[in-house]
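Working notes for the structure below.
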Amino acid sequence: MSGPIADMSGLQRDMSGPTTDRSSLQRDMSGSIAVWSGLRRDMSGATTVTSGLR
């Protein structure tokens with residue numbers, strides 16, 4: 001009986017692997033989105049500076 005149960009728990013562990021990968025990928029994507037929004041803020045700040053110079 002312990003054979004199939006051990007296999008099943010191993011399979012569940014394998015299945016939780018891609019889930020972990022996916023959540024870390026989402027974290028990476030949200031991180032790059034934060035970087036991108038920060039870059040846009042920097043660009044808008046530079047635009048304000050250039051318009052102030054003009």
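No lab work stands behind these numbers, since they all come straight from the coordinates. As the structure is a computational prediction, the values presented were derived from the model and not from experiment.
For the reader, a short list of remarks on this structure follows.
- When shorter helices are ignored and each DSSP H run of at least 4 residues is given -39500 (n - 2.57), the per-residue value for the chain at 222 nm works out to -36000 deg cm²/dmol.
- For the chain, Kirkwood radius (reciprocal of mean inverse C-alpha pair distance, Å): 14.8
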